[in-house]
Amino acid sequence: MKPGAVGGVGRRAALSAGAALSVAGLSGESAATELPLRERARRKGLLFGAAARSFNLRDDPAYAAAFARECGVLVTEWEAKWGPLRPTREEFSFGAVDALWQFARRHGLGFRGHALVWHEHMPRWIAGMENRAARGILEEHIRRVLARYPRAQSWDVVNEAIDLKDGRADGLRQTVWLRALGPTYVRDAFVLARAADPHTLLTYNDYGIEYEDRDSRAKRVAVLRLLESLRQQDAPVDVFGVQAHLNPARPFDPAALRGFLRGAAEMGFDIYITELDVHDRDLPADGARRDRIVADHAQAWLEAALSEPRVKAVFTWGLSDRYNWRNEVEWSRRRDGLPSRGLPLDQDLQPKPFWTAIARTLDGAEPRGR
Ligand code: XIL
């Protein structure tokens, strides 16, 4: 189904009303008086935040101000991953994450760490780790990182553990941790994290579960099975994170998304939308047209997601196109060389229709009980 076809006439009318409002709210001056996303979320018992890198916040005061205005939570986009954080087996390179932590404290933002276990961006020395050393290394990592940033709002404890292409019956991805520790490494990571900080909310985070193509559907089943097995193993998982790197070209069905989220909610998990952005590589070059498609798709998807009451947070993967990760990764870059417009603020830090789409969706959400 095409994104524009979702929901019939009522939905189109609502969208064009939203579009009119967004045009009125889009000039720099009037946008400054708009209620920021963090406040719109707060009114509904929700959190809004975004991922950031320390050097962007440090070197760009205008961006830092926009970030502190819009966001209630700061997510560590890059610097809390093993690669940057663990240059050697002995060393922790905490400087950049410390800067993010201090920024969050200074501006009264929650701090969300990403990620304690992930197969990508691992330091090279990990390849030489002996299997019998793995548990100690993982334990020390989780203990020291959580001790340094106590009572964070939440952490991605395990990121992207499922990959059906690896062909295992349990769906687990072949990673260095699976090889060294066996399939219970997922539960073990949560147990270690809970022991290290009983207060921070612990997330299992994954992607490729947002749509109705065959791969997404199969992965949804595998992810729900993993969550179920973590429950059975008494793993202290608080939150299920759905990354939501959206793509308007993929088949979307709001009812199916709601059903999937309900499945996780019924197992007792809160749900966060953890890495929202829109893949605009194949969208029209024209900025206004592209912005419209991005916003309409994001709004339709987000409205369906937020109709599940256990969805308690929306975090975007970056706040502004000025620092948009999609321009950096080869597979995401546009062939015409134009920069991505897949984040809520444009390169001049002005709200785009995507920002308005998030604002309207938050405004329309049912209030959450805490
Ligand atoms: C990305 C960062 O944004 C980039 O700066 C980095 O080069 C690569 O990783 N899913 C995730 C994130 O869980 O960690 C990724 O972040 C985006 C996809």
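The values are calculated or read from the model by the stated rules, or taken from the named source; none is laboratory data. Given the structure is predicted, the values throughout are model-derived calculations rather than measurements. Every residue, glycine among them, receives a Cβ derived from its backbone with ideal geometry; neighbour counts consider all protein chains shown. Just so you know, the surface numbers come from the protein's heavy atoms only, side chains and all, with ligands and any DNA or RNA stripped out. Shrake-Rupley method; radii C 1.70, N 1.55, O 1.52, S 1.80 Å.
Here is how the numbers come out for the structure above:
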read-out	value
Test for Leu192: is it within 15 Å of Asp163 (Cβ to Cβ) and assigned to a helix (DSSP H, G or I)	no
Failed condition for Gln243, given (1) under 19 Å from the mean Cα position of the chain (by Cα); (2) under 28 Å from Tyr149 (Cα atoms); (3) buried (at least 23 other Cβ atoms within 10 Å of the Cβ); (4) within 16 Å of the ligand (Cβ to nearest atom)	(3)
First in the stretch 216-232 and free of Cβ contacts under 8 Å to residues at least 40 places away in the same chain, second anywhere and buried (at least 18 other Cβ atoms within 10 Å of the Cβ), Cβ under 7 Å, 6 or more apart	Ser216/Gly208; Ser216/Ile209; Ser216/Glu210
Filtered residues of the stretch 132-172 (kept if assigned to a loop (DSSP other than H, G, I, E, B) and open to solvent by 20 Å² or more (accessible area, probe 1.4 Å))	Pro150, Arg151, Gln153, Asp163, Gly167, Arg168, Ala169, Asp170
Looking only at the stretch 40-98, and only at residues there that are small (Gly, Ala, Ser) and in a loop (DSSP other than H, G, I, E, B), the one that is surrounded by the most Cβ atoms within 10 Å (Cβ to Cβ)	Ala80
Close pairs (8 angstrom Cβ cut-off, 6 or more residues apart or separate chains): over 11 Å from Trp301 (Cα atoms) and in contact (Cβ under 8 Å) with a residue 24 or more places away in the chain in the stretch 240-254, among the β-branched types (Val, Ile, Thr) and within 12 Å of the ligand (Cβ to nearest atom) anywhere	Phe240/Thr203; Gly241/Thr203; Gly241/Thr274; Val242/Thr274; Gln243/Thr274
Complete set of residues in the stretch 313-345 that are of a type outside the set (S, T, N, Q), open to solvent by less than 30 Å² (accessible area, probe 1.4 Å) and outside any strand (DSSP E or B)	Trp317, Gly318, Leu319, Asp321, Arg326, Arg334, Gly342, Leu343, Pro344
Residue in the stretch 117-134 that is within 14 Å of Ala152 (Cβ to Cβ) and not acidic (Asp, Glu) present	no
One residue from Gly167, Gly171 being over 23 Å from the mean Cα position of the chain (by Cα) and at pLDDT 95 or above	Gly167
Search result, residues across the stretch 201-218 that are among the small types (Gly, Ala, Ser), in contact with a Lys or Arg (Cβ under 9 Å, 6 or more places away or on another chain) and either open to solvent by 40 Å² or more (accessible area, probe 1.4 Å) or more than 13 Å from the ligand (Cβ to nearest atom) (or both)	Ser216
